[in-house]
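Accompanying notes for the structure given below.
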Amino acid sequence: MDSTVIIVLAIVLLALIILNNIKLLPPPQPVPVGGCAGTQYGCCPDGITPKMNIYGTNCTGYIPPPQPQPIGGCAGTQYGCCPNSTIPKMNPYGTNCPGYPPPPPPPSPLIGGCAGTQYGCCPNSNIPKSNQAGTNCPGYVPPQPIGGCAGTQYGCCPDGKTTKTSAQFTNCPNYPLIGGCSGTQYGCCPNSNTPKSDSAGSNCQTM
C-alpha cells in the first residue's frame, strides 16, 4: 500500500514537471483566403499581416511619408503658410497653425444700425451717442453760450470774455472808470478808486 502511494505521487510530480516546461504557443494568425492577393490592400512587408489601408499604417516599422511641399512655396498657397513654418494655412486666420490662438469674436452689430439707437451715432463712426449732444463722441467740442456776449444782461467787458455785472464795467479787469467815481452806479469805496458793487460797498476793503 505504501509503495502504491509513492508511485502515484511520483507520477503526479513527473506530470507537473512536464506541464511546467511546456511553452504556450501563440494562436496561429488567420491566413487570408487567397493569400495577400485576396486582401483589399495586400499585406505588410512581413508577408502575413494584411494592411488596413493603402499606406499600411498598421504595419510594424511603418514610416510616414514626408509632407508634400506646396508648389511655388508659401506664395503658391491660397492663404500663405503658418508663422515660422511651411505648413499651409487652411484659412486666412491660420486656425490650423501650431499654437495659434482663436481670433477674437467680432463686435456684435447694432440692431437696426445707427437708426436703431436712441440718439444715433457719432459723426463718421458707428459709436452710439450717449445723449443728444454726443458728449461721448471722439473730438467732441462743447458748444459756446447761445448768443455770446449779446446773450448776457450787460454784455461783456472789452476783453470779450468777462461778462459784465453792471452797465458801468465795474467788474472788468484793467478798465478805466468813465467819468471817475461819479460815473459809477454806487460811487467808489472810501479813499479808493474801486467802484462799489452795491450801495453798501460790500466789496470794499475794511480799514
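Report yes if some residue within the range 172-184 is within 60 Å of the chain's Cα centre (by Cα), modelled with pLDDT of 70 or more and more than 30 Å from residue 80 (Cβ to Cβ); otherwise report no. The answer is yes; a qualifying residue exists.
Among the residues of the range 3-17, is any part of a loop (DSSP other than H, G, I, E, B) and either surrounded by 10 or more Cβ atoms within 10 Å (Cβ to Cβ) or modelled with pLDDT under 75 (or both)?
As a first pass, look at the range 3-17 and keep what is part of a loop (DSSP other than H, G, I, E, B): none.
No: the range 3-17 contains no residue that is part of a loop (DSSP other than H, G, I, E, B) and either surrounded by 10 or more Cβ atoms within 10 Å (Cβ to Cβ) or modelled with pLDDT under 75 (or both).
State whether the residues of the range 125-141 include one that is modelled with pLDDT under 80, surrounded by 14 or more Cβ atoms within 10 Å (Cβ to Cβ) and touching a helix residue (DSSP H, G or I) at 6+ places or on another chain (Cβ under 9 Å). Taking every residue of the range 125-141 in turn, none turns out to be modelled with pLDDT under 80, surrounded by 14 or more Cβ atoms within 10 Å (Cβ to Cβ) and touching a helix residue (DSSP H, G or I) at 6+ places or on another chain (Cβ under 9 Å).
The values are calculated or read from the model by the stated rules, or taken from the named source; none is laboratory data. Bear in mind that the values here come from a model prediction, so they are computed numbers and not experimental data. As a convention, Cβ positions derive from the backbone with ideal geometry for all residues, glycine included, and neighbour counts pool all protein chains shown.
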